[in-house]
1. Whole angstrom only: what separates the Cα centroid of segment 423-453 from the Cα centroid of segment 304-330?
2. I'd like the orientation of helix 585-600 relative to the chain: the angle between its Cα long axis and the longest Cα principal axis, in ° from 0 to 90, rounded to 10.
3. Kirkwood hydrodynamic radius, computed over distinct alpha-carbon pairs, for segment 416-465: how many Å, to one decimal?
4. Using a Förster radius of 56 Å, what is the FRET efficiency between E359 and R698 based on their Cβ-Cβ separation? Nearest 0.05, please.
5. How far is helix 155-169 tilted, in degrees, relative to the longest principal axis of the Cα atoms in the chain, given as a value from 0 to 90 rounded to the nearest 10?
6. Against the empirical 2.2 N^0.38 Å scaling, what ratio does the C-alpha Rg of segment 674-763 come to?
7. Give me the percent of Cα-Cα pairs in segment 454-510 that sit more than 17 Å apart, rounded to a whole number.
8. Please compare each pair in K395/K598; K327/K369; K428/K451; K444/K555; K67/K241; K339/K369 to a cut-off of 22 Å on the Cα-Cα distance and tell me which ones are over it.
Amino acid sequence: MTDQFEQRLSDTAFSGYGEYMDYLFACVNMALEEHLERMKIFFATGKGGYKNVLYPDLEVASEICAKNVRDFQYRNDDVNEEENDESEEDGLSEDLLALFGDFVKESSKEEEKIEEEFLNTESRMEYIAGRAKKTVEQGVSLPFYELCQKINMDTFTVFCFVSGILASTQTDYAGVFQVINENAGLSAPTIESAAKLYFGQEFSISGSYGEMSACLEQLMPILDLRVQGNMPFSTVVSPDKRMIDYLFGKHPMRLDENYIRFFQMLTDGNELDPIMANEGILDAMKISYDEGVRIFSYFGDEGSGRKFFVKHFCLEKGLNAVSVNCKKLFAYDFQYVDKALWAVTRECILTNACLVLDEISFRDDESEKVYGYMDLAFGKIGQQGITAFVISRDKLAMKNITNNEFTELEIPTPMNQERENCWRYFSKDYALAQEVDLAEMATKFLFTPGKIKSALRNARSLATMDKEILIPRGILFRGCYNQMSSELTQKATKVKANFGFEDIVMNKDQRETLEHAIDQMNFRKQVYDNWNYTKKYPYGRGLSILLFGAPGTGKSMCAQVIAHELNLELYRVDLSKVIDKYVGETEKSISMIFREAKKCNVVLFFDECDTLFAKRSDDGGSNQASNNNKTALLLQEVEAYDGVSVLATNYKHNIDPAFFRRMKYIVEFQFPDVDTREMLWRTTIPKGTPLGEDVDIRFLAERFEFVGGNIKNCILNAAFLAAADGDGKEVCMKHYLQAIRYEFVKVGKVFTRADFEPYASMIGL
């Protein structure tokens, strides 16, 4: 037994990680030296088929290993440098041919010498493992030992792993393993060649099959092994840069740079905000985990706290969390995804982390592929006992994905009082103006805690840009509206609501109806919360208004008035972007529009809504069945929407009758009479317009039966005609008549000189 592996030191802890790894590398060098000595003897007898090619390299390889063993011995025996130099020179000057003859004569003696001088490799590895255990128990970190323990590596697998590390980190060992493998193209150990070193003369494929097979399985999760199906033990063991960085680098927790576009560390070590609502969700997680559940599926709106609860869970359990962007990763083919999932499994092992499958979204025709990839991920991490969290917006069919036990939880948006508590908690670090009412913010914006934080940060940036010391109410509103999902803006267009009641002409009944409708939103907190109407009316608390009438009668303008009076954003739904050729995609778009609109409490405006809200029928056709489904879904969404939805149509008879029952208010826009038209002309012309004395508003109203839209066009066109005319000082009667003439041509209406009398001559008729 060598001094370095003395039994009396077996209970002694290593001084540190460096000494521990020195012993491991020395053990491999000793095994290499022994094996190379046997190869020299073997070739010296003339039995080696590679004698002529490998013999010179064999001697070089042998000396490399022998020198490292001697250096290790001297370092541990405190031998002086001169003795070390002298010993290095011994045996190096002998002639190779003389050595060849000596090996022939002394072969049997050399084999006996090897057996006498060295412990077997297994004993050395067990000796190192015993001292490593003692070292860790004393609080010293040994990353390599801890990793091997984590995945329950047996002694041979540890030896094989160390051999691969040595070949990956020491350039001299490329030639050594070329000799060991008897293959100039293999500069790293294979599982088989590592077994030859480990078991020595006792090695045989059949006798060592179990250990080699176990080695392959144990190394698979942490190394990128290129397994050959017909020759699995010829697999090369070569740890990559990520593994070497973990074992010896300055940033062991840094994720694999090859997959950094898909992976991120979710637990960053920053202090977490306290849980202000739904603490029961965290309790449910912990109970399921303690009962052995390792797959959790969380669904809910963006910012609802899905990742927030994962972070809190990991903090309490002393775990990290690695997140995978599935939307990006699952777009690739199976081979690449399989490799990436092995990589993230390794990251979870190395960093002691849970796996978080995030950004799971797909079309109906992609579900099979996505579910298959998820099942593949569960299979890989399940073998290692790793916990997985699936984060999605909608509920997933988990029973179709995995046969493993799972826990499924919905993360709801906080209730009104909970939102107010969140606003008050997160706003402590912000300087808000006195006019800001956090109760109003909680009522108007149905935000999750994450959205509230983002809105405050954005508002502070906007206030800084405007050189505001305090964050005023208007800027805070802008910060909130900036949280609008990009998904909604892809399907709807923001319309600036500039018009109020003073800008629109309508009769008494129309105005009263709209005023009552607006009151339902302004006083909803008092009625539903303070008077507890929520208990009796838990559903349909939003405001739905149907506007119908001829084109140009003011329906679109009325939608702006509603949004303006409520101080809410107005979004016009682009129906061309909503209707999709793929089955189920239109329905998804509809649900998304209402879901995202709900978060920021915006007014949804469906112009020409009969396109989507058409009458249902039972003619039995597949297309009609699909249309019926869309209509039914829209009916449900409109009724369930807590905000304001305004629907406008030119053709009331095309609307499904069920919609009339679900509309809280219906306003008809009739063709304007003379008095109304006169009022439209007078109110639509801006006050600053320099009108000529010859302008006869009453004549224009009596003679030309226009709706508000036509009148607006005529007024604007007349202004430009006047500006381009001669002196351009006044808008005169001739300019209005010319604009009216252009409007007739545009709409295809026939006109005569008599229509413009007594002013026909002004426009050359």
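Just so you know, all these numbers are worked out from the coordinates, no wet-lab data involved. Note that the coordinates shown come from a computational prediction; the quantities given were computed from them, not determined experimentally. Positions of Cβ are backbone-derived with ideal geometry, glycine not excepted, and every protein chain shown enters the neighbour counts.
1. Computed from Cα coordinates, the inter-centre distance equals 26 Å.
2. 80
3. Working: mean 1/r = 0.0912 Å⁻¹.
That comes to 11.0 Å for segment 416-465.
4. 0.30
5. Roughly 80 degrees, rounded to the nearest 10.
6. On the way: Rg = 12.1 Å, N = 90, 2.2 N^0.38 = 12.2 Å.
Working it through for segment 674-763, the quotient is 1.00.
7. On the way: 914 of 1596 pairs.
In whole percent, the share of Cα-Cα pairs in segment 454-510 beyond 17 Å is 57.
8. Numbers: K395/K598 19 Å; K327/K369 12 Å; K428/K451 16 Å; K444/K555 25 Å; K67/K241 27 Å; K339/K369 16 Å.
Flagged as over cut-off: K444/K555; K67/K241.
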